[in-house]
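Below: one structure, written as structure tokens.
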Amino acid sequence: MEEYKFRGKSIDELKKMSIEELMVIANADFRRAFKRGLSPEEKAFLANMKKKSAKSKNIRTHMREMFILPNFVGLTIHVYNGKEFIPIEIKPSMVFHRLGEFALSTKQVKHGSPGMKATRSSGFVPIK
């Protein structure tokens, strides 16, 4: 299996980099967010990640807007989608994306076929 690389850097190299070094190679959304600074909730989440990642691999959070950092790879994070916690196994290709992108908050709409008594107007659909 081919090793994943992000702009020529392997995951092990990315894990060793500081936030300032990651900002150089990351996308603009990541750079802007980290240039503004982390919110107190995001700082607490990162502190808890360091503690919990050593103990267990299951972490629950409501922080959908948090970026996935290289040191999250291999963990399972349960992200709240408004109704339930969706388990997300962090893979190398998810780095620099937000957690909420992988825990969808809306379901795909699947309409039924028109038929008798589906709606008021379907009473006039010819029956085959």
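Just the residues that are more than 20 Å from Phe30 (Cα to Cα) and among the small types (Gly, Ala, Ser), please, taken from segment 53-103. Within segment 53-103, Ser53, Ala54, Ser56, Gly74, Gly82 qualify.
Residues in segment 1-43 that are among the small types (Gly, Ala, Ser) and over 22 Å from Met63 (Cα atoms): Gly8, Ser10.
Inside segment 2-27, can you point out the residues that are of a type in the set (A, V, I, L, M, F, W, C) and loosely packed, with under 11 Cβ neighbours inside 10 Å? Please lay out each step first, then the result.
Narrowing segment 2-27 to residues of a type in the set (A, V, I, L, M, F, W, C): 6, 11, 14, 17, 19, 22-26.
Hit for segment 2-27 is Val24, nothing else.
Within segment 16-47, the set of residues being of a type in the set (Asp, Glu) and closer than 15 Å to Pro70 by Cβ comprises Glu20, Glu21. Restricting segment 68-85 to residues that are aromatic (Phe, Trp, Tyr) and farther than 21 Å from Tyr4 by Cα leaves a set whose member that is nearest to the chain's Cα centre (by Cα) is Tyr80.
Of Phe45, Phe34, Phe30, which residue is among the aromatic types (Phe, Trp, Tyr), touching a Ser or Thr at 6+ places or on another chain (Cβ under 8 Å), surrounded by 11 or more Cβ atoms within 10 Å (Cβ to Cβ) and in a helix (DSSP H, G or I)? It would help to see each step written out before you state the result.
Values: Phe34 fails: touching a Ser or Thr at 6+ places or on another chain (Cβ under 8 Å); Phe30 fails: touching a Ser or Thr at 6+ places or on another chain (Cβ under 8 Å).
The conditions single out Phe45.
Checking each residue in segment 48-87 for being closer than 25 Å to Arg36 by Cβ, hydrophobic (A, V, I, L, M, F, W, C) and outside any loop (DSSP other than H, G, I, E, B) picks out Met49, Ile59, Phe67, Phe72, Ile77, Val79. Looking across segment 89-102, the residues that are over 17 Å from Glu42 (Cβ atoms) and not in a helix (DSSP H, G or I) come down to Glu89, Lys91.
Suppose we keep only residues that are hydrophobic (A, V, I, L, M, F, W, C) and part of a helix (DSSP H, G or I) within segment 7-27. Which one would you say is farthest from the chain's Cα centre (by Cα)? Selected residue: Val24. The number of residues in segment 32-66 being under 23 Å from Tyr4 (Cα atoms) and modelled with pLDDT of 90 or more comes to 1.
The values are calculated or read from the model by the stated rules, or taken from the named source; none is laboratory data. Because the structure is a prediction, the values reported are computed rather than measured. Because the Cβ atoms are built from the backbone with ideal geometry, glycine has one as well, and the counts that use them run over all protein chains shown.
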